[in-house]
Amino acid sequence: MPNTIAHLGVHCLITRGLISNADFKWIFIGAVLPDVPFIIKRAITVLPLDFDILDVRLFSIVQASLAFSVLLGLMCAQFSRRPGKVFLILCIGVVSHLLLDACQIKWGNGPRILAPFDWSITNFSLFWPEELPSHLLSVFGIGTVIYVFAQPVDSQCRDLIVPDAKRWAIISLLLMSYFSLPLTFLNSIEQAGGGSVDVIRSEDREGQEIKLDRARFVYNGSSTSVELYSGKFISLLGLGENLPEKGKVSVKGTFTSHSEITVREHHFNNARYREIISIFGLLAVMIYWIRILAASAHQRTSSAVRIPGE
């Protein structure tokens with residue numbers, strides 16, 4: 001998927017084109033909603049917790065679908081005086097995010113827009129993350145973020161509310177649904193080939209095809225190994241020689257034995273660049289919201305101490 005900075009720029013352009021007075025704060029939230037499952041997945045994988053990483057991957061794929069991203073957006077809208085309008089803004093953001101993700105080339109990976117009714121990947125395969133369109137989107141995103149941060153935030157505070165009991169009940173129900181319902185679809189997405197989990201778990205995977213998107217590889221000077229989504233490394237044949245010691249690669253290949261993949265096609269990815277600029281994008285969203293919440297708290301404090309009739 002494009003980096004977060006690129007998403008912020010494109011989402012501001014699309015959403016403000018459809019809703020001219022859409023608040024930037026909600027546009028920013030809509031831009032990251034489909035990525036929330038993968039942010040949680042990243043946190044889980046670095047913590048000393050006993051989870052099956054392949055189940056976590058399947059869970060994240062389901063949560064990142066259009067239906068569950070919209071469900072999360074409905075929960076976020078409960079913190080606004082105008083939940084209907086905010087929900088629309090967030091829906092525009094979710095759809096824009098998934099369609100933009102589908103523009104990049106991702107072998108065996110991509111948004112499942114119609115899930116859980118159809119687990120097919122939507123992938124237009126227009127350009128790689130390392131190619132010029134991605135860089136242009138990133139530059140546009142940086143300019144957009146600078147512009148947004150230069151605007152006063154007072155108007156961004158007006159619709160924020162502390163939910164009442166009824167809204168908290170709705171929020172609780174939506175959160176429980178967001179985290180519990182994906183469990184009912186794990187078997188379905190695995191059987192549909194989601195994340196190549198069925199192939200990786202197979203006891204007899206010799207001869208089976210596999211696609212890996214931006215997988216880590218290690219080269220020791222004579223042999224290459226690649227990391228499966230299970231976190232285990234196996235031999236990888238066909239990348240050639242004189243490789244860097246490590247990096248990321250997208251692969252189309254075949255299991256020539258249980259612990260060996262022969263490459264049919266490959267593409268080296270500059271994934272580090274994307275990760276770094278995405279971190280800056282997430283930090284921009286977080287800092288912007290901190291500014292707004294601080295301004296909102298200041299406004300409430302000022303209203304509380306104002307002398308009646310003054």
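The values are calculated or read from the model by the stated rules, or taken from the named source; none is laboratory data. Not measured: the values here are computed from a predicted model. Cβ: placed from backbone, ideal geometry, glycine included. Neighbour counts: every protein chain shown. Accessible surface areas use protein heavy atoms only, side chains included; no ligands, DNA or RNA. Shrake-Rupley method; radii C 1.70, N 1.55, O 1.52, S 1.80 Å.
For the stretch 13-34, the set of residues classified as over 26 Å from ALA115 (Cβ atoms) and part of a helix (DSSP H, G or I) consists of LEU13, ARG16, GLY17, PHE24, LYS25, listed by residue number.
Scanning the stretch 168-188 for residues that are of a type outside the set (Gly, Ala, Ser), open to solvent by 50 Å² or more (accessible area, probe 1.4 Å) and within 24 Å of PRO83 (Cα to Cα) yields a total of 7. Entry remark, the stretch 193-218: residues being under 18 Å from VAL62 (Cα atoms) and in contact with a Ser or Thr (Cβ under 8 Å, 6 or more places away or on another chain) number 1 in total. Restricting the stretch 35-49 to residues that are part of a helix (DSSP H, G or I) and modelled with pLDDT under 90, which is most open to solvent (accessible area, probe 1.4 Å)? Looking at residues that are part of a helix (DSSP H, G or I) and modelled with pLDDT under 90, I get ARG42.
Is at least one residue of the stretch 290-310 touching a residue at least 40 places away in the same chain (Cβ under 8 Å), buried (at least 16 other Cβ atoms within 10 Å of the Cβ) and under 29 Å from GLN104 (Cβ atoms)? No, the stretch 290-310 contains no residue that is touching a residue at least 40 places away in the same chain (Cβ under 8 Å), buried (at least 16 other Cβ atoms within 10 Å of the Cβ) and under 29 Å from GLN104 (Cβ atoms). Pairs linking a residue in the stretch 93-116 that is on the phi > 0 side of the Ramachandran plot to a residue that is in a helix (DSSP H, G or I), with Cβ atoms under 7 Å and 6 or more positions apart or on different chains, are GLY108/SER196; GLY110/ASP101; GLY110/ALA102.
For the stretch 189-199, the criterion of being in contact with an Asp or Glu (Cβ under 7 Å, 6 or more places away or on another chain), of a type outside the set (S, T, N, Q), outside any loop (DSSP other than H, G, I, E, B) and open to solvent by 30 Å² or more (accessible area, probe 1.4 Å) is met by at least one residue.
For residues that are assigned to a loop (DSSP other than H, G, I, E, B) and closer than 22 Å to VAL197 by Cα, scanning just the stretch 221-241, find the one that is most open to solvent (accessible area, probe 1.4 Å).
If we filter the stretch 221-241 for residues that are assigned to a loop (DSSP other than H, G, I, E, B), which is where we start, we get 221-223, 228-232, 238-241.
With the extra rule that they be closer than 22 Å to VAL197 by Cα, the set shrinks to 228-232.
Numbers: LEU228: 6, TYR229: 37, SER230: 32, GLY231: 41, LYS232: 139 Å².
Of everything passing the filter in the stretch 221-241, LYS232 is most open to solvent (accessible area, probe 1.4 Å).
Only one of these conditions is not met by LEU114: (1) out of contact with any Pro (no Cβ under 6 Å at 6 or more places or on another chain); (2) in a helix (DSSP H, G or I); (3) of a type outside the set (Ser, Thr, Tyr). Which number is it? Going through (1) out of contact with any Pro (no Cβ under 6 Å at 6 or more places or on another chain); (2) in a helix (DSSP H, G or I); (3) of a type outside the set (Ser, Thr, Tyr) one by one, LEU114 breaks only (2).
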